[in-house]
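Quick notes on the structure that follows.
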Amino acid sequence: MPETVPKDREEAARAAAELRTEIHYHNHRYYVLDAPEISDAEFDRLLRRLMAIEAAYPELATADSPTRRVGGAPAEGFGRLAHPTPMLSLGNAFSRDELRAFDARVRSGLNGEPAEYVVELKVDGLAINLIYENGSLARAATRGDGTFGEDVTANVRTIRAVPLALARADEGVPQLLEVRGEVYLPRRELDRLNQKREAAGEPLFANPRNAAAGSLRQLDPRVTAERALSVFIYGLGARAGAELASHAQTLEYLTRLGFKVNPNFRVFQDIETAADYCESWAEKRLDLPYEIDGLVIKLNSLAGQAALGATAKDPRWAIAYKFPAEQAVTVVEDIFLRVGRTGVLTPTAILRPVRIAGSTVSRATLHNADYIRDKDIRIGDAVTIHKAGEIIPEVVSVLAERRTGREREFAMPELCPECGEPIVRQSGEAAYKCVNPRCPAQTREGLIHFVSRDAMNIEGLGPAVITALLDSGLVTDAADLYTLGKEELLPMERMGEKSAQNLLAAIQNSKEAGLARLLFALGIRFVGVKAAGTLARHYGDIDQIREASFEALTELEEIGPKIAESVVAYFTMGENLELIEKLRRAGVKLTEEKTAEGPAPLAGKTFVLTGTLSGLTRNEATELIERLGGKVTGSVSKKTHYVVAGAEAGSKLDKARELGVPVLEEAEFAALVKAGGVV
């Protein structure tokens, strides 16, 4: 039923103002205080009425209207915003002794005065800087390099825990307020997103931090609006009109202004009780609805903070206490073998499900037979596991003292579990391999690799769809993908008219991916993204590569004897040449623009990539740099010309600042690439 709109403009203006006030109030109750007073249906009714009034009287819509949260049109890219005050990183402590050393440095800087500390939870998300002018949200930016961040204002407006207009505190609303916080994704929302991505055959988010960063840095705000991002505010930067004496007062002041402040902060009179509080969260953190990776300890006195100041990269008055890598004990219930696209058999432990680092783990990699032998891992063993880098579960040790005698030793089979053909272990290699080129597992994994993002980048063609295509006999190799029609796809499970059209369009578009991507997609042993790009840009045509000799290949930079030998061997096998001809007949592009003669725009320049780029994968950025004659390395040194820093850049960014190496934000990198002739 359409909403009624006042015919009188003045009456409409009053109604809109009242609705905005009421909606802001209920937003705050629901998203900040977790204490809603009305039902979702009632809230939606209020919002629909305001939208109807603003549609009828567009001039009544204000910048802080709650209707602005739904997300506008996609942006062409993120601009840069300067932070009024720098957003510094934090030093880390991993033990009580390191906290004591921090306390000693603080007290020394305060000439021996006692130090009072505030301890807060360190939420695992993406740092954000919000600028309010006269009480209204004006701009929002990511941390970036600490001086400049990406302009994500449109996306931040979709986060309902971020007030578009400040509540009036006792002190009034300041003319300028710079607010710092952490955008995060609740655990339940991460689970929902990953279930959706798995069903679509898309790669899963590794952790809430990656998911939050990816969600906030979408070019289309409507995508951000669909994800239940939230935020905790933890501090102030520049401010006008707010007189505060301590950090604890600051948090209380932010709460009065309507910000969502984490309620678990505490004030302590000494470092020992602060450390006790930090350690108490090691287990309790698993019960939180969001992830934390530690706690932050800050000197409470703002005057003391100003006196201590900061180093080039972090404040001297604050430190992050990081949790040690979490471990858990569980049982190896079985060991199964996965056959990869190269035929390598990788053993994986099936574990009794156990919760660790915020998620339930039921599998762990065992790497190879030597790893199992060296650690003496048996089926039925109690084992200690941890998450390597808090992402990949791995067996740390076996609790041999718990053995009952019923445990079973694991032995590699003689035949491939997928095709039944013999497996071999070549001299000097740890891996066992199935050498049957027609092994169905190798075909499946090879196709999954062929369509992956850094290869032919066929969106919507995930593992489940590939398995269904193989099982139905519609596809036997990569070239068959280009012969598929809509009538063949529609009978497949979860494949509707629109999905089929989108998939066929993605397959068609991939024909123009170019030789570099195709070479990587073919899965030639030892030929990664970098080597594929080198070969494609030098030879320009797949037939020229096929005819190249071992000696000619090894003359190329980045192409060593192992890669050259593998390339020559690949193009001598009849089934590989047959696949290339099928791809040619299907219209797949088998050429690449050759490297131009003479100096390239970035010739002689060395780059280091760090953090997450929103528009490119790490491999795509590397490809662009190398196409322009530049070189990409993995570590920062005085010889590095530029460090390209994406979101959540790490120690490489710190090293660049320390050495004075120029740092490029993503927008600056894009401008440099465009100037070099690559758009």
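For this structure, a couple of remarks:
- Lys639 vs. criteria within 21 Å of Asp454 (Cβ to Cβ) and surrounded by fewer than 21 Cβ atoms within 10 Å (Cβ to Cβ): no
- Whether a residue is part of a loop (DSSP other than H, G, I, E, B) and outside the structural domain of Thr346 (by TED's automatic domain parsing) was assessed, and Glu445 does not pass this test.
- Yes/no for Arg517 being of a type in the set (D, E, K, R), under 24 Å from Leu590 (Cα atoms), surrounded by fewer than 16 Cβ atoms within 10 Å (Cβ to Cβ) and touching a residue at least 60 places away in the same chain (Cβ under 8 Å): no
- The stretch 362-382: number of residues that are more than 34 Å from the chain's Cα centre (by Cα), in a helix (DSSP H, G or I) and touching a residue at least 12 places away in the same chain (Cβ under 8 Å): 0
- Considering (1) surrounded by fewer than 18 Cβ atoms within 10 Å (Cβ to Cβ); (2) modelled with pLDDT of 80 or more; (3) within 23 Å of Glu512 (Cα to Cα), the lone condition that Ala596 does not fulfil carries the number (2).
- The listed residue being surrounded by 17 or more Cβ atoms within 10 Å (Cβ to Cβ), within 19 Å of Arg143 (Cβ to Cβ) and of a type in the set (Lys, Arg), out of Arg217, Arg227: Arg217
- Residue among Ala506, Ala500 that is over 22 Å from Glu581 (Cα atoms), among the aliphatic types (A, V, I, L, M) and either outside any loop (DSSP other than H, G, I, E, B) or at pLDDT 90 or above (or both): Ala500
- Residue match in the stretch 316-329 (condition: within 30 Å of Ala104 (Cα to Cα), among the aromatic types (Phe, Trp, Tyr) and part of a strand (DSSP E or B)): yes
- Exactly one residue among Ala161, Ala169 is at pLDDT below 80 and either on the phi < 0 side of the Ramachandran plot or outside any helix (DSSP H, G or I) (or both), and that residue is Ala169.
- Of the residues screened, Arg143 is one that is basic (Lys, Arg), closer than 27 Å to Ala307 by Cβ and touching a residue at least 24 places away in the same chain (Cβ under 8 Å).
- Candidates Glu279, Glu243, filtered to the one that is of a type in the set (Asp, Glu) and within 26 Å of Leu176 (Cα to Cα): Glu243
- Residue match in the stretch 520-529 (condition: part of a helix (DSSP H, G or I), within 31 Å of the chain's Cα centre (by Cα), within 16 Å of Asp454 (Cβ to Cβ) and modelled with pLDDT under 90): yes
Residues are listed down the side, and each one gets a yes or a no for (1) crowded, with 18+ Cβ neighbours inside 10 Å; (2) touching a Phe, Trp or Tyr at 6+ places or on another chain (Cβ under 9 Å):
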{"position": "Gly446", "(1), (2)": "yes, no"}
{"position": "Ala455", "(1), (2)": "yes, yes"}
{"position": "Thr467", "(1), (2)": "no, no"}
{"position": "Ala479", "(1), (2)": "yes, no"}
{"position": "Gly485", "(1), (2)": "no, no"}
{"position": "Leu490", "(1), (2)": "no, no"}
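- Answer from Leu469, Leu481 - the residue that is at pLDDT 90 or above, closer than 21 Å to Arg197 by Cα and within 32 Å of the chain's Cα centre (by Cα): Leu469
- Residue check, Ser136 in contact with a Ser or Thr (Cβ under 9 Å, 6 or more places away or on another chain) and on the phi < 0 side of the Ramachandran plot: yes
- Subset of the stretch 102-121 [among the small types (Gly, Ala, Ser) and loosely packed, with under 14 Cβ neighbours inside 10 Å]: Ala104, Ser108, Gly112
- The residue list Glu666, Glu623, Glu658, Glu578 contains one member that is touching a residue at least 60 places away in the same chain (Cβ under 8 Å), within 22 Å of Leu518 (Cα to Cα) and not assigned by TED's automatic domain parsing to the domain that holds Leu481, which is Glu623.
- Residue check, Thr311 polar (S, T, N, Q) and not assigned by TED's automatic domain parsing to the domain that holds Val231: no
- Verdict on Arg68 being surrounded by 14 or more Cβ atoms within 10 Å (Cβ to Cβ), of a type in the set (Lys, Arg) and modelled with pLDDT under 80: yes
- Residue that is surrounded by the fewest Cβ atoms within 10 Å (Cβ to Cβ), among those in the stretch 530-566 that are at pLDDT 90 or above and of a type in the set (Ser, Thr, Tyr): Ser549
- Matching residues in the stretch 88-144 - criterion: being of a type in the set (Asp, Glu) and in a strand (DSSP E or B): Glu120, Glu133
The values are calculated or read from the model by the stated rules, or taken from the named source; none is laboratory data. None of these values were measured; they are calculated from a predicted model. Cβ atoms come from the backbone with ideal geometry, glycine included; neighbour counts cover every protein chain shown.
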